[in-house]
Structures are given as structure tokens and as C-alpha cells.
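Q: I am attaching a structure below and will ask some questions about it afterwards.
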Amino acid sequence: MNAKGYAAMHAKANSSGRELLCTGCGTTLVSQNDIDFCPFCESIVYTNSKSVGASDPGLLSSVSAIKASVEAGKLDEAEKAYAALLDKSKNTALLYNSGILYIRHSNMELANIDYYREGFMEENAQHRANSTALMYSAKLLLYKAISGISKDIGSGAINALNGRYLAFLCHIKLGDYKSAMHVIKEISELPQGKSRDIVLGYSNLVLLSAMGNYKELVPAAEQFISKNGFFVNALYYMSYGLFKTKKAKEAKALLSIIKDDGVNSVDSLLEQIG
């Protein structure tokens with residue numbers, strides 16, 4: 001399918017879909033699907049803000065405030081808010097979201113290193129030290145999430161599909177692709193169903209991208225959308241694969257379709273393409 005066809009699918013989803021809320025980071029998206037994936041943190045999403053507000057108004061208020069802090073660049077404030085929320089909640093997913101926020105903060109500290117500074121560059125050393133400390137905190141949170149997920153699945157506090165997918169994301173963020181592949185195998189062994197098949201197919205896209213297997217990523221994303229319908233994140237991965245295989249023009253055409261959908265890396269990728 002060409003960009004025009006994907007644009008039509010996107011327009012249809014926006015006009016007839018429902019607004020879903022990610023209860024981990026506060027991002028909203030419009031989707032026609034029973035389940036979808038957050039364009040910011042990639043968590044599974046399947047409920048709307050009205051439902052969350054009715055069942056847990058405190059959680060809705062907290063994640064909305066965290067989202068506002070992140071968008072304003074106040075990452076310290078968002079990290080403190082997650083810590084306060086984790087003190088009150090046993091929601092393992094929040095450990096994952098807190099962990100990836102620390103990774104984001106760590107990367108921002110690295111980006112502030114400037115080798116063209118005048119003087120002895122003490123500021124660069126501080127940014128590097130900050131980045132290391134933040135990444136250490138991120139890893140602790142992600143490993144704690146993996147441990148907690150295993151317990152939650154055993155106790156029934158989280159269903160097996162959601163739990164294993166969340167563990168998969170943690171392994172991906174930790175760069176542990178061997179463990180991520182093992183979790184994909186566990187997902188494939190769960191009872192067959194539409195939701196399982198969607199999560200399994202999407203997990204494969206995430207893994208292909210993380211491992212740099214871009215030649216397989218593009219056809220895998222095409223097949224995923226053909227089989228399951230329109231998913232914003234799947235189109236992003238297709239775009240990313242095209243860009244990495246030196247098809248920048250095609251990538252830009254697809255990215256322009258989803259540039260306002262909140263996907264975490266769209267703006268930076270468009271900037272690279274120029």
C-alpha cells in the first residue's frame with residue numbers, strides 16, 4: 001500500500017475511532033482497535049479517560065499532571081510525581097513508565113555535553129555524571145518492574161498477556177534482547193485470540209527495530225497493518241525501517257501522516273530526513 005492508502009486508513013480511524021488513554025503516561029490516542037499501543041511509551045492501551053476517571057480519579061489526575069510536566073521539560077518534577085504515585089499504588093506498569101522517564105532524562109543530560117565549551121569543561125563532566133546516575137536509577141526501576149510482573153501474573157493481579165508484554169518492553173529498554181525474545185515465545189504460547197495475535201505481531205516490530213533488522217522491519221509492519229488494521233505505531237516503525245534502508249522520501253511521506261499523533265520520535269526523525 002502507498003502513502004495515500006495509509007493516509008485514508010488514518011483518516012478513517014480518526015473519524016470513527018474512540019479516544020483511548022494510556023494510564024502509564026497520560027497520553028491519549030484515537031483508535032478503532034479494541035487494544036492499541038501508546039505512541040509515547042508503547043504500553044497497551046484499551047480504555048478511555050472517562051472510564052479511568054470514574055474508576056480511579058486519583059490516577060487520572062496524577063498521570064495527566066505527569067504528562068504536563070514532561071511536555072514542559074520538567075523531568076525532575078515528573079520523576080517525583082511518579083515516586084509519589086508508586087508510594088500509593090501497586091501498579092507495576094508505573095515502574096516501567098518511571099524507568100523510561102529516567103532513560104529520557106539520562107539521554108537529555110548526554111545531549112547537553114558540548115566539547116566546544118571554553119575552559120576546563122567541568123560542566124560536561126557534571127552532565128556525564130548526571131546521565132550515569134539517572135541511567136542507574138532507570139535500570140533499577142526496570143529490573144524491579146520485571147520482578148514485580150512475575151509476582152503479579154502469579155497472583156492474578158495482572159493478566160498474563162499484559163504482564164508479559166510489559167516485561168518484554170522492560171527487557172527491550174534494558175537492551176536484553178535475548179530475554180525479550182524469550183518473552184515473545186511465552187506470549188506465543190498463550191491461548192490464541194485477537195488480542196494475543198496483535199500483541200505478538202507488534203512485539204516483533206519492536207524487537208526488529210531494536211535489533212537493527214530494518215530490512216525485515218518494513219515488510220513486517222506492512223503485514224501487521226494488512227492483517228490487523230491501522231496502528232499509528234506500526235506505521236512509524238515502517239517509516240523508520242524505510243529511513244534506515246535509505247528510502248527517506250517514502251519514510252517522510254508516511255511520517256507526515258502521523259506527525260500530530262504524539263509518537264515519541266517522529267519530530268526528531270523528520271528533522272534527520274530534512
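Just so you know, all these numbers are worked out from the coordinates, no wet-lab data involved. Being a predicted model, the structure only gives us computed values, none of them experimental. Every residue, glycine as well, gets a Cβ built from its backbone with ideal geometry; the counts of neighbours run over all protein chains shown.
Q: What is the distance, in nm, between label points placed 7 Å from the Cα along the Cα-to-Cβ direction at Asp267 and at Ser155?
A: 3.9 nm
Q: Now for a separate question. For the pair Asn107/Ser188, report the inter-label distance in nm, with labels modelled 7 Å from Cα in the Cβ direction.
A: Computed distance between label sites Asn107 and Ser188 equals 2.8 nm.
Q: Let me understand the chain better: what is its radius of gyration from the alpha carbons, and its Dmax, in angstrom?
A: Spelled out, the Cα radius of gyration and Dmax of the chain are 18.9, 62 Å.
Q: Can you tell me how the stretch 1-114 classifies by the Cα gyration tensor, rounded, prolate or oblate, using a/c under 1.5 as the rounded cut?
A: Values: a/c = 2.55, a/b = 1.33, b/c = 1.92.
The shape class here is oblate.
Q: Now a separate question. Between the stretch 57-116 and the stretch 135-204, how many Å separate their Cα centres?
A: Cα centroid to Cα centroid, the span is 21 Å.
Q: If the limit is 28 Å between Cα atoms, which of Lys227/Lys252; Lys194/Lys249; Lys12/Lys249; Lys173/Lys215; Lys144/Lys259; Lys74/Lys151 go over it?
A: Details: Lys227/Lys252 23 Å; Lys194/Lys249 34 Å; Lys12/Lys249 24 Å; Lys173/Lys215 22 Å; Lys144/Lys259 34 Å; Lys74/Lys151 33 Å.
Too far apart for the 28 Å limit: Lys194/Lys249; Lys144/Lys259; Lys74/Lys151.
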